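Enquirer: Mind looking over this structure? Questions follow.
Every number here is computed from the coordinates shown, using simple stated rules; none is lab data. Source: prediction; values computed, not measured.
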């Protein structure tokens with residue numbers, strides 16, 4: 001029984017090493033390239049979401065600083081700049097839609113009488 005457990009653990013370890021080699025590899029053949037593309041797709045989606053979040057955060061923080069500005073002319077210029085950046089962000093975010101999580105999609109409105 002112990003030998004069977006060690007064999008299964010060794011096989012899983014070997015499989016993990018093979019997948020890791022496919023992900024980190026450079027000169028890959030057909031099936032290896034498919035494995036790499038499969039795992040790298042998830043990384044690319046996470047990177048895109050993180051980039052969108054960071055960009056939106058910077059726009060909001062800059063807008064907050066603009067609204068705290070004492071000089072009205074400087075405030076208008078800063079708000080206009082933040083507005084232009086928000087428009088560009090919205091156009092860029094349309095290319096990478098972020099799917100709603102399952103907890104958000106379950107929420108619904110109820111009719112109260």
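Enquirer: Using only Cα atoms, find the angle between the long axis of helix 30-67 and the longest principal axis of the chain, and express it within 0 to 90 degrees, rounded to the nearest 10.
Expert: Orientation of helix 30-67: about 20 degrees from the principal axis.
Enquirer: Can you tell me the orientation of helix 2-24 relative to the chain, as the angle in degrees between its alpha-carbon axis and the longest Cα principal axis, to the nearest 10?
Expert: Approximately 50 degrees, to the nearest ten.
Enquirer: So what is the 222 nm mean residue ellipticity for the chain from helices alone, if each DSSP H run of at least 4 adds -39500 (n - 2.57) and you divide by all residues, rounding to the nearest 500 deg cm²/dmol? Working shown, then result.
Expert: Numbers: 4 runs with 87 residues, N = 113.
It lands at -27000 deg cm²/dmol.
Enquirer: Here is a follow-up. Angle, helix 72-93 long axis vs. longest principal axis of the chain, Cα atoms, 0 to 90°, nearest 10?
Expert: 30
Enquirer: Taking the Cα atoms of the chain, what is the range of coordinates along each of the three principal axes, in descending order and whole Å?
Expert: Between the extreme Cα coordinates on each principal axis of the chain lie 76, 54, 27 Å.
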